[in-house]
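A short write-up of the structure that comes next.
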Amino acid sequence: MPANLDALRALNFGIRTSTGPYEAGAISTQIGLYDAGLATQVSARIRDEATVTGTVARLVNIYNEAIANKPPPDLEGDAQAVSSYLRQWSPRIKGWAEKMRQIERLGPANQILEAEVYRLQAEVAEISLVKDELALVKDELGRTKREVQEISGSLTWRIPMAIMNWKPFSILGVFSRAMRKKPKSDPAPIAEEREPNTTSDAVQHLEFRP
């Protein structure tokens, strides 16, 4: 608005102009104060006053005033000011130089550490891949388990299983397995027929008397 243009311009239209609360109601109130006619007046005034020629002329005047009001040279004071500045920054510069030397000395160690970091990163990536593969295997096992449960719950599975578990059928199966495991007995040897030996038989029946 033209009424507060000078105050806002002195603050360079920056964050210092935001003095109100950051609330929805306050922001809505400011938006409601917008007037297209007043905005046109502000725009025309800025275009008239903030020209390149006028801005450059004001800057030149500021520089001329600063040069005209410059105090006489004070070599001793300037030297003290430079010395104070260097004393302030010298420890930092020396610290930077020492840090650079340390970095140079630790160069090989840094390379080893970088190589170790790359190796660990590769291992982490490999572990991540293995983890993903395990997740896929787990999902596949879950699907297989569900399929087995569906099959075992179907009639086409339960009927054959009921027949297999039927007691007479189970006894028959046990008997069949027992018969398969029973060893075959060898036939009894046939006694060989021997021709009678009358002489030896007679001798065996003789009684020797003194």
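Annotations for the structure displayed:
- Those residues of the stretch 19-42 which are surrounded by 11 or more Cβ atoms within 10 Å (Cβ to Cβ) and over 56 Å from the mean Cα position of the chain (by Cα), in sequence order: 41
- Count of the stretch 18-39 residues which are among the β-branched types (Val, Ile, Thr) and over 20 Å from residue 5 (Cα atoms): 0
- Test: residue in the stretch 51-66 that is under 18 Å from residue 10 (Cβ atoms), in a loop (DSSP other than H, G, I, E, B) and of a type outside the set (Ser, Thr, Tyr): no
- Criterion applied to 16, 45 was being assigned to a helix (DSSP H, G or I), of a type in the set (Lys, Arg), surrounded by 10 or more Cβ atoms within 10 Å (Cβ to Cβ) and under 46 Å from the mean Cα position of the chain (by Cα), and the one residue passing it is 16.
- Verdict on residue 53 being of a type outside the set (Gly, Ala, Ser), surrounded by 10 or more Cβ atoms within 10 Å (Cβ to Cβ) and either modelled with pLDDT of 85 or more or under 30 Å from the mean Cα position of the chain (by Cα) (or both): no
The values are calculated or read from the model by the stated rules, or taken from the named source; none is laboratory data. Please read these numbers as outputs of a predicted model, since none were measured by experiment. Counting neighbours? That spans all protein chains shown, and the Cβs are built from the backbone with ideal geometry, glycine included.
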